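Enquirer: A single structure is presented below for examination.
Just so it is clear, none of the values below were taken in a lab; they were calculated from the coordinates. From a predicted model like this one, the values you see are computed outputs, not experimental measurements. Glycine also receives a Cβ, built like all others from the backbone with ideal geometry; neighbour counts cover every protein chain displayed.
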Amino acid sequence: MTEAERIQPGDAIHIGPPLTVDRYGPAARANHWVTAASLILLAISGLALFTPSLFFLTDFFGGGQNTRMLHPWFGIVLFVSFFVFFFQLWRANLWTRTDFVWLSRIGDLIAGHEERLPELEKYNAGQKFVFWAMSGLILILIVSGVIIWDQYFADATAIGTKRIAILAHSVAAVLIICVFILHVYAGIWTRGTLRAMTRGSVTGGWAWRHHRKWLRKLAGQHRVGPAE
Amino acid sequence: MNMELSRRGFLKAAGAGVAGTTLGAMGFGEAEAAVLAHVRPFKLTTTVETRNTCPYCSVACGIIMYSKGDLRKGEQADIVHIEGDVDHPTNRGTLCPKGAALKDFVHAPTRLKHPMMRKAGSDRFEQVSWDFALDRIARLMKHDRDANFIAKNAKGVPVNRWTTTGFLAASATTNETAYATYKVVRSTGIVAFDNQARV
Amino acid sequence: MTNAWTDIKNTDLVVVMGGNAAEAHPCGFKWVTEAKANRGAKLIVVDPRYTRTASVSDFYAPIRQGTDISFLNGVIKYCIENNKVQWEYTKAFTNASYIVKDGFSYQDGLFTGYDEEKRDYDRESWDYVIGDDGFAVVDPSLQHPRCVWNLLKEHVAIYTPEFVERVCGTPKAKFLKICEMIAECSTPTKTMTSLYALGWTQHSSGAQNIRAMAMLQLILGNIGVQGGGMNALRGHSNIQGLTDLGLMSNLIPGYLNIPTEMEENFGSYMSTRQFKPLRPGQTSYWQNYKKFFVSFQKAMWGNAAQADNDWAYDYLPKLDVPSYDVLRIFELMNEGRVNGYFCQGFNPLLAFPNRAKITSALSKLKWLVTMDPLETETSRFWENHGEYNDVDTKSIQTEVFQLPTTCFAEEAGSLANSGRWLQWHWAGGTPPGEAQHDTWIMGQIFVRLRELYRKEGGAFPDPIVNLAWDYKDPGEPTPEELAKEINGRAIEDLRDPTDVTKVLVPAGKQVLNFSQLRDDGTTLSGCWIYSGNFNENGNNMARRDNHDPGDTGAYLGWTFAWPLNRRTLYNRASCDVNGKPWDPTRKIIEWDGTKWSGFDVPDIAPNAKPQDVGPFIMNQEGVSRLFTRGLMRDGPFPAHYEPFESPVDNVINPKIRGNPVARVFQNDVSQFGTSAEFPYAATSYRLTEHFHYWTKHNRVNAALQPEFFVEISEELAAEKKIERGGWVRVWSKRGSIKAKALVTKRIRPLMCDGKAVHVVGIPLHWGFIGAAKKGWGPNSLAPFVGDANIETPESKAFLVNIEPTTPPSEVVA
Amino acid sequence: MMRPDSPRTAAANPPVQPMETNLTERDLIRRSATSSLPPPERQLTEVAKLIDVSKCIGCKACQSACIEWNDTNPAIEENVGVYTNPHDLTADMYTLMRFTEWVNPETDNLEWLIRKDGCMHCSDPGCLKACPSPGAIVQYSNGIVDFVHENCIGCGYCVKGCPFNIPRISKVDHKAYKCTLCSDRVAVGQGPACAKACPTKAIVFGTKEDMKKHADERIADLKSRGYANAGLYDPPGVSGTHVMYVLHHNDKPHIYADLPDNPRISPVVETWKGVTKYVGLAFMGVAAAGSLLHGILGRPNRVTEEDEEAAEELVERKPEARV
């Protein structure tokens, strides 16, 4: 049994009715939302400095000087909170053979024939992609960000390095924003997903439909929480 | 003093030089209007000009001092900027790194503002009044002169030497100050009289 | 300067030696760059260091400090041997043809008449042969073996290129290249100018350094001409003025002399000052000496100076020694023989050599008065600043008064620049706090002192109580009052000697200039050479017409130049014997058959026939002196002597240390170091970012050159394991300092007499007060010995040792 | 015969009576982060500062005059064994004499190369291109590139955009500072303070055309003195500059304290402010629009009743589930 196939602590079934399955504990959810918030703030303040057409966004932060000053601090928050999150989830996001199969039939998913796809553990390939993309891009962003954080590190690197850093920073930023959009949309398109990050649980049906293997395992291992 | 000349550009007298003509070509009007806030407002506007010469080396570059307030009108005058005098034949408006920073010599934090006295063995200066300082100095001079003045030498020739007090004159004071100093010092018979030219 | 700053643009060749014009006088140096840009002039720099002047030069050659005479005598020899002499000029305008007495000679580095005991010469034989007609005997053919020209040839014979290389460390090829470039200026249509400063004066043979170049300039025909001359770039804004006004132990304003004890009365004083012409028909302007002297005495003591008391001759002090110069006075001070001392805008603690001795001397004073716009180290010499000024404050019993004066911006008056221009300036700022004008302070001290003598009497009060001090406010004479008194006025109506009915100047009116001064007590003038500065036409020093007819750089309408608004001294020499300009394109003046006229005030009587009267009217000969008779203590010709502290012996006579007639005080002999103990040749200098010890008080200049350093070669740094920017200790027999090391390619070891000589450069702008970082100056290390003629300290050449060290410790409470 | 005089920065002393400024918003030809700039009503004559390195004596009068005119306050640093002080350009030191001791391999003579460093006022200014803040950097039709500090946000993009490494960010007010070519002086007909002060006229100021003429004379003089490669430094890589150098060794500008041989706006910066910006915006746009569209057109992925029942069934008959 691979790491990815191991059950996450805290995941459990509630007989209900209705039948629900715990997916994220309070800590994990808080963590997710802090990350989400800082990422949004970063996107807005970053885009303001990325292109003149969006410079007006600096008004949200009380002008250019504040935007310039705050952006890196948002970055620090994002980095810290995301990586706390990371250490909880990375195992469950390791790649498995099933993921290839699932990906190869992604068309069926979009077309609405999810039953034609293989049964899944807690995360599907899409979710795993988002997870790893975020991790990688945030790493690039934090490193390049610090290099161009002139208020404190102006003399730490040469101009040439700074130029490459700022290019990398903007490219990574563009990508992470795209990934972000994908993530958000997937969450909305796949109904019943959002409650996982609000209430922390999903309906049995949702689990059956999207992560049947995961549900089977929980059931099989008597991971049944107290009935309400 | 005669300020009319300051406006008469050197080259109008000595033949047009490149920038002299070009800046004209750039069309600078003299309309009486407030400066737009786009470039920094010209900071010499409405200051008072006074001609002087640089007090440092012996090139004696012409300078113009710009002040807030007019000394000649009996006002408090604070020098806000100093720049080379374009009309001056030697420096033609240029200044060296010392001359260009004269304003900060005038306003140096270590400019002396009050007469000070250090008592024998003391580790500090104490502020005193001018009258106290000058009376005391005159008294010290007389005391030493009366005690050590050499009126005649062994041969009875009048020599009028005062060798126990010396005077070291400046090298940046005006000729007029130097002359007044000469008269005072010589009248007392001081022979230990010298100035910076020696070193 | 014989010429003006603005005249330098007319030159073909600039030789900067014994100075660093670009760095010390940037705006004057502008005219060098103008000459280069507009005339294709060349610039030669000869200096131990590759200076900022060298950075824009056409040719640079290194030289060991203190060996300039060998170099210059070498050039003179080259010019003579290669017939690169302006013959017409040399024959007509110098004393080349004068026959010298038989007794005179030069052997083993010494001239005739040396007395080792007295460290002095009997100069009797250093003079011309005087004929029965009372005039000097001359041989215009220059054939006579004893004529000055042949003696000069003989004298410079030893200064071969090999000798120069051996003594100066200047590579032979570079020396010869410079000889060629200079020799080109022997034609009447090419001129060279010499720009020098303290790099020549601050030596025990300083005056002779300058003489050597002056002689070279004379045989090249470069004195009195446009773009030529001997140009001393004076250090301070009015150092020229203070010298002109005689603020020196032995001077009276206008280069008259304070009597000595030998001159017991006015008669004996004047007897040596008749200045009878040494050749027929010559002018010998000093024959007017008495007019200037009497007019001065009248300015000093007014009615108390009368014919029957020899114009108050006895009011003047009489000297028992040549002079009470600063070295002598600090020697006496250190012996406890001085009680009171005034420093007016002067900082001797950092300016005079052997700072330890200066500190000890000041500590022995009963009282010290300083007058300055700024804090000075001198006024705080008693204050402990840790390593920077480690004194025992309590034990110093000196009472110190620190009097705040105004600065240039807050006072009016005139300054004499290097070109002798007297330029008036106006006050534009309100003085800070209680600061007062120096004239006020001097006036206040005087009236108080006079009051004490009037009331109490005392030692010979007459010169004090009778001093002419009739100013509107005796407590503060105005600059205008003083300037007018310097110019002089008629005390009685001045009548035309040829027609007594004609009044030239009515009583009480300003004289036009010194030509109207008289020796009968009917005129007064504070300083004859300045006369004309402020006459009935008004304040000529405030004139501002900057037109320049003929573009000669004269600017006759701009302020006033002494004497008589003359801009180029000896300008009559710019014309040949018949009064025609040597170079018509560079005409200054010209003889039109009846009178002299041109772009400058002629330096000769307007109607003096060119064939009759020589150009050098201040000399009894009417010509210039290649052989200076007995007028200099250390020889009529410049001869090579090593500095008192030298890395090599005197190759002419190893027994001679320093200048054989330079005055050395007993206490200082033991303080000279040897090259065994102190192997490195140190020199001192200014940096362009700073002005002496003033600009370290200025935040701007302090930022541009923040901290004390010494400059050494990469070779010496490697040898001593000294790092760029690291701390070094530099010490001499007299003191020790710490500095940052500036390791540079601009200083290279010199090969002198077979050994490598390393130069250590020590700039002089730091002290223990001000905006810049605390530091020391070269005067902590320099020797207490001066030039043989004028006692200027030998601050440019001395010996030190150097080693890496730790930063200075901070102030001890 | 009147000899030609050096060019000078001003024909007369500065005015003290009120004067109309000659540089206004109307004279802008470029404005940072601004696409729609109204074309200027008039074209001012292009000006330039010419720095003749061969005439420069490194006296630092330019630095001194710059500090006094711009009322800056550079720090009093330590001596680190060089003449260059302060050690680098700072937000309080807009211009700097850089000293290089160079031994000429051809003559084996030492040459002390002294270069006045500072803003070159490029025709194609990298700082302006990089600046994200509308109107923080402007370029006048006479060539002056100026920083407008009210609009500066202190991001330091100009530092990265500049091919000459000139702008510096103040640690105090976090705004970018550099030489303004004394726009306030030029605006009333005066040349820059440094050029006015320069004792040897190594720095002269006038129209770019006249400065080029003057440079030609200087170069001819230098060639006559043996500097075969003397030339004018007016780099085409940035479409020319409004601060130009006369160099005795124009074939190797880098010996003058690393003056770029062929300066141009860095390709990295070009990419960043060019392609990246547009492609990036496109990407994000497409992503957003795509999901939106799919959201509207495509059916959402809903959990069905069957799913719920299947789940409950699974949970109820647990043991069998283990197949």
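Enquirer: What percentages make up the Cα-Cα pair-distance distribution of the range B:116-198 when the bins are 10 Å wide from 0?
Expert: Final binned percentages: 15, 35, 37, 12, 2.
Enquirer: Then there's this: Residues of C:32-38, mean number of Cβ from any other protein chain within 10 Å of their own Cβ, rounded to a whole number? Present the calculation step by step, with values, prior to reporting the outcome.
Expert: Numbers: counts 2, 10, 6, 0, 5, 12, 6.
Taking all residues of C:32-38 together, the mean is 6.
Enquirer: In addition: How much of the calculated P(r) for the range D:235-286 lies past 17 Å, in percent of all Cα pairs? Show your work: numbers first, answer last.
Expert: Working: 717 of 1326 pairs.
Pairs farther apart than 17 Å: 54 percent.
Enquirer: Strictly over 24 Å apart at the Cα level, which of C:LYS91/C:LYS190; C:LYS696/C:LYS733; C:LYS177/C:LYS655 would you flag in this model? Don't skip to the end; give the middle numbers.
Expert: Values: C:LYS91/C:LYS190 18 Å; C:LYS696/C:LYS733 28 Å; C:LYS177/C:LYS655 33 Å.
Table pairs above 24 Å Cα-Cα are C:LYS696/C:LYS733; C:LYS177/C:LYS655.
Enquirer: Now for a different question. Quick check: convex hull over the Cα atoms of the range D:25-265, volume per residue in Å³, rounded to an integer? Can you show the working numbers first?
Expert: Values: hull volume 29.4 nm³, N = 241.
Normalising the Cα hull of the range D:25-265 by residue number yields 122 Å³.
Enquirer: Compute the distribution of all C-alpha to C-alpha distances in the protein assembly as shown, in bins of 20 Å from 0, and list the percent of pairs in each, rounded to whole numbers.
Expert: For the protein assembly as shown, the binned pair fractions read 8, 31, 30, 15, 9, 5, 2, 0 percent.
Enquirer: Within the range C:91-121, find all residues whose amide N lies under 17 Å from a label point positioned 7 Å from the Cα of C:LEU142 along Cα-to-beta-carbon.
Expert: Residues C:91-100 fall inside that zone.
Enquirer: B:LYS98: which aspartates and glutamates have alpha carbons under 17 Å from its alpha carbon, excluding same-chain residues fewer than 8 sequence positions away?
Expert: Correct list for B:LYS98: B:GLU83, B:ASP85, C:GLU23, C:GLU689, C:GLU707, D:GLU68, D:ASP71.
Enquirer: Under the √(5λ) rule applied to the eigenvalues of the Cα gyration tensor, what semi-axes describe the equivalent ellipsoid of the range B:52-199? Give them in Å, descending.
Expert: Values: eigenvalues 298, 100, 39 Å².
They are 39, 22, 14 Å, listed from largest to smallest.
Enquirer: Sticking with this structure for a sec: Stokes-Einstein at 37 °C, 0.692 mPa s, Kirkwood radius from Cα pairs: D for chain A in µm² s⁻¹?
Expert: Values: Rh = 19.5 Å.
Approximately 169 µm²/s, per Stokes-Einstein.
Enquirer: A follow-up question, please. Stokes-Einstein diffusion coefficient for the range C:574-613 at 10 °C in a medium of 1.306 mPa s, Rh from the Kirkwood formula over Cα pairs: what value in µm²/s?
Expert: On the way: Rh = 9.9 Å.
The Stokes-Einstein estimate is 161 µm²/s.
Enquirer: Among C:241-249, D:229-237, how do they line up from the highest to the lowest mean number of other beta-carbon atoms within 10 Å? Can you show the working numbers first?
Expert: Numbers: C:241-249: 26.1, D:229-237: 18.6.
Top to bottom by mean Cβ count within 10 Å: C:241-249, D:229-237.
Enquirer: So which GluC sites (Glu not before Pro) in the range D:56-134 pass both tests, a DSSP loop state and at most 16 other Cβ atoms within 10 Å of the Cβ? Before the final figure, lay out the partial values.
Expert: Values: sites: D:GLU68, D:GLU77, D:GLU78, D:GLU101, D:GLU106, D:GLU111; in loops: D:GLU77, D:GLU78, D:GLU106.
Within the range D:56-134, the qualifying GluC sites (Glu not before Pro) (loop, at most 16 other Cβ atoms within 10 Å) are D:GLU77, D:GLU78, D:GLU106.
Enquirer: Tell me the label-point distance for the pair B:ASP78, A:GLU115, using the 7 Å Cα-to-Cβ offset, in nm and rounded to one decimal.
Expert: 9.0 nm
Enquirer: Which lysines have a Cα less than 25 Å from the Cα of B:LYS183, not counting those fewer than 8 places away in the same chain?
Expert: B:LYS142, B:LYS152, C:LYS290, C:LYS291, C:LYS298, C:LYS318, C:LYS366, C:LYS455, C:LYS472, C:LYS484, C:LYS509
Enquirer: Could you line up C:VAL669, A:VAL130, C:VAL661 from fewest to most neighbouring Cβ atoms inside 10 Å?
Expert: On the way: C:VAL669 11, A:VAL130 19, C:VAL661 22.
In increasing order of surrounding Cβ atoms, one gets C:VAL669, A:VAL130, C:VAL661.
Enquirer: Calculated from DSSP H runs of 4 or more alone, at -39500 (n - 2.57) each and per residue, what is the 222 nm mean residue ellipticity of chain A, nearest 500? Provide the component values of the computation, followed by the final result.
Expert: On the way: 10 runs with 143 residues, N = 228.
Taking each H run of at least 4 residues, the total per residue is -20500 deg cm²/dmol.
Enquirer: Now for a different question. For chain C, what is the Kirkwood estimate of the hydrodynamic radius, computed as the reciprocal of the mean inverse distance between distinct Cα atoms, to one decimal in Å?
Expert: Details: mean 1/r = 0.0356 Å⁻¹.
Value: 28.1 Å, from the Cα pair sum.
Enquirer: Per residue of the range D:135-148, what does 6.51 cos²θ - 1.76 cosθ + 1.60 with θ = phi - 60° give for ³J(HN,Hα)? Whole Hz please, x for Gly and Pro, Karplus curve as stated.
Expert: x, 6, 10, 10, 10, 8, 5, 8, x, 5, 9, 10, 9, 9
Enquirer: Shifting gears a bit: What pairs in B:LYS68/D:LYS116; D:LYS196/D:LYS223; C:LYS42/C:LYS77 have C-alpha atoms more than 25 Å from each other? Don't jump to the answer; show the numbers that get you there.
Expert: Working: B:LYS68/D:LYS116 33 Å; D:LYS196/D:LYS223 27 Å; C:LYS42/C:LYS77 22 Å.
Going by Cα-Cα distance, B:LYS68/D:LYS116; D:LYS196/D:LYS223 fall outside the 25 Å limit.
Enquirer: What fraction of the Cα pairs in the range C:5-232, stated in percent, has a spacing above 24 angstrom?
Expert: Working: 11913 of 25878 pairs.
Of all Cα-Cα pairs in the range C:5-232, 46 percent lie more than 24 Å apart.
Enquirer: Using just the C-alpha positions of the range C:1-87 as equal point scatterers, what log10 of I(q)/I(0) does the Debye formula give at each q in 0.13, 0.15 1/Å?
Expert: Results for the range C:1-87 at q = 0.13, 0.15 Å⁻¹ read -0.47, -0.62.
Enquirer: If you average the alpha carbon positions of the range D:222-298 and of the range C:652-693, how far apart do those two centres end up, in angstrom?
Expert: 58 Å
Enquirer: Taking A:LYS213 as the anchor, which lysines have their alpha carbon closer than 24 Å to its alpha carbon, excluding any fewer than eight residues away along the same chain?
Expert: Within reach: A:LYS122, A:LYS128, D:LYS318.
Enquirer: Where in the range C:473-508 are there GluC sites (Glu not before Pro) that are in a DSSP coil and have at most 16 other Cβ atoms within 10 angstrom of their Cβ?
Expert: Here the GluC sites (Glu not before Pro) that fit, given the DSSP loop and packing criteria, are C:GLU492.
Enquirer: Provide a whole-number value for the mean count of partner chain Cβ atoms within 10 Å of the Cβ atoms in peptide C:254-262. Each step should come with its number before you reach the end.
Expert: Numbers: counts 0, 0, 0, 0, 3, 1, 1, 6, 1.
Per residue, the number of nearby Cβ atoms from other chains is 1 on average.
Enquirer: Sticking with this structure for a sec: At 0.36 nm per residue, and after removing the present C-alpha to C-alpha distance, how many nm does the segment from A:THR157 to A:ILE76 gain when stretched out fully?
Expert: 27.2 nm
Enquirer: A further question follows. Using the Kirkwood formula on the Cα atoms of the range C:192-327, what hydrodynamic radius do you get, in angstrom to one decimal?
Expert: Numbers: mean 1/r = 0.0565 Å⁻¹.
By the Kirkwood definition, the hydrodynamic radius is 17.7 Å.
Enquirer: Which net charge results for the neighbourhood of D:GLU305, defined as the other residues with beta-carbon distances under 14 angstrom from its beta-carbon, given Lys and Arg at +1 and Asp and Glu at -1?
Expert: Working: positive: A:ARG191, A:ARG209, D:ARG302; negative: D:GLU306, D:ASP307, D:GLU308, D:GLU309, D:GLU312, D:GLU313.
The answer is -3.
Enquirer: Suppose only helical runs count, i.e. DSSP H with n ≥ 4. What mean residue ellipticity at 222 nm does that imply for chain C under -39500 (n - 2.57) per run, divided by all residues and rounded to the nearest 500 deg cm²/dmol? Please list the in-between numbers first.
Expert: On the way: 21 runs with 182 residues, N = 813.
-6000 deg cm²/dmol, from helical runs alone.
Enquirer: So, one more: Roughly what would the spin-label model give for C:ASN667 and D:ASN262, points 7 Å off Cα along C-beta, in nm?
Expert: Placing both labels 7 Å beyond Cα along the Cβ direction yields 7.1 nm.
Enquirer: In what sequence do C:VAL785, B:VAL185 fall when counting other Cβ within 10 Å, fewest first?
Expert: So the residues, fewest neighbours to most, are B:VAL185, C:VAL785.
Enquirer: Estimate the FRET efficiency between C:LYS394 and D:ASN229 by the formula 1/(1 + (r/R0)^6), using the beta-carbon distance for r and 51 Å for R0, to the nearest 0.05. Mind dumping the intermediate values first?
Expert: Values: r = 67 Å, r/R0 = 1.31.
Between C:LYS394 and D:ASN229 the formula returns 0.15.
Enquirer: Something else: Which of the trypsin sites (Lys or Arg not before Pro) across the range C:468-574 are loop residues per DSSP, with 10 or fewer other Cβ within 10 Å? Intermediate results must be reported in sequence, preceding the final value.
Expert: Values: sites: C:LYS472, C:LYS484, C:ARG489, C:ARG495, C:LYS502, C:LYS509, C:ARG518, C:ARG543, C:ARG544, C:ARG566, C:ARG567, C:ARG572; in loops: C:LYS472, C:LYS509, C:ARG518, C:ARG543, C:ARG566, C:ARG567.
Those satisfying the criteria are C:LYS472.
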